[in-house]
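First the structure, in the form of structure tokens, and then the observations on it.
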Amino acid sequence: IIHNDAQHFSCGVNLQVVRQFFRNEDMLGLDDFLNHFQKTVHHMANASFPVVAAPVGLSIGGAFEVVLHAKQVICHANSTMGLVESLVGVIPGGGGCKETLYRWVEKLGTPDDISKASWKAFMNLGYGKTATSPIIAQTEAMLRDNDRFIINRDRLLNEAIIAIDKNTAQLPFNRPALKMPGKKVFKEMCLWLEEYQKVGQLMPHDVVVGTEIARIVTG
């Protein structure tokens, strides 16, 4: 069970730590930092035992990437979640881009033509969309069908313990290889970014970040 009793689950990775890697020109240190994070959430998703995330308040950025890799989420009704990295000029680095794409593929039911899912993921990630309730999170493919919420925060941990003990609502991570849409859709996304920069909707660095998100979600 991944849970705490603070006002917020977590507001994500400490960006001052990430900034220090750049200041020290320690790219190997940054790689190790991200590799450890990625391996941690990968082990969560592929663990041989049940894994429940029980977030409250804010679960954003890297914290939401932790939530995304739990086999079940039981959250408080007053939960806000989302990947907000693009708003501070970086890209989700803990599997969030991958997981966002797979969830839209599942939600739209189009594994053979994932162009629409790629666009959905591109927009979610690029705009740093947040869901201000679990119900909105369901519609935005941030939560899965087996995830649920409860009204009484005081019962959250107990509900997570019951879910672990019963082990009946765990949803495994079926992540097959995808046939990515490739260069055509990537160029369309880059053109979209250029057009929105021309009309003042995006800053130059937004285009840099958006281009890399486009590269990821199109393959």
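If I take every Cα pair under 8 Å that is 6 or more residues apart in the chain, average their sequence separation and divide by the length, what percent do I get for the relative contact order? Once divided by the residue count of the chain, the mean separation gives 23 percent. Pull up the cross-link candidates among the lysines for Lys120, meaning alpha carbon to alpha carbon under 29 Å and not fewer than 8 places away within one chain. Straight-line reach from Lys120, under 29 Å: Lys39, Lys71, Lys98, Lys107, Lys129, Lys179, Lys183, Lys184, Lys187, Lys198. Remark: region 106-169 carries a charge dipole of roughly 180 debye about the Cα centre, counting +1 on each Lys and Arg Cβ and -1 on each Asp and Glu Cβ. The stretch between Glu106 and Gln16, if pulled fully straight at 0.36 nm per residue, gains 28.9 nm over its current Cα-Cα span. Cβ-Cβ distance of Asn152 and Ala6, R₀ of 25 Å, FRET efficiency by 1/(1 + (r/R0)^6): the value works out to about 0.90. Our Cα-only numbers for region 76-193 put the radius of gyration and Dmax at 16.3, 50 Å.
Available extension along the chain between Leu28 and Tyr127 is 32.7 nm, counting 0.36 nm per residue and deducting the alpha carbon span. Per residue, the chain reaches -15500 deg cm²/dmol at 222 nm when only DSSP H runs of four or more residues are counted, each adding -39500 (n - 2.57).
The Cα center of region 100-134 and the Cα center of region 155-218 differ in position by 6 Å.
What are the GluC sites (Glu not before Pro) within region 1-106 that DSSP puts in a loop, where the Cβ has at most 16 other Cβ atoms within 10 Å? Intermediate results must be reported in sequence, preceding the final value.
On the way: sites: Glu25, Glu65, Glu85, Glu99, Glu106; in loops: Glu25.
Those satisfying the criteria are Glu25.
Read the figures in this text as sums done on the coordinates, not as results from a lab. Note that the structure is predicted; figures quoted are calculated from it, not measured. For neighbour counting, all protein chains shown are included, and Cβ atoms are generated from backbone atoms with ideal geometry for every residue, glycine included.
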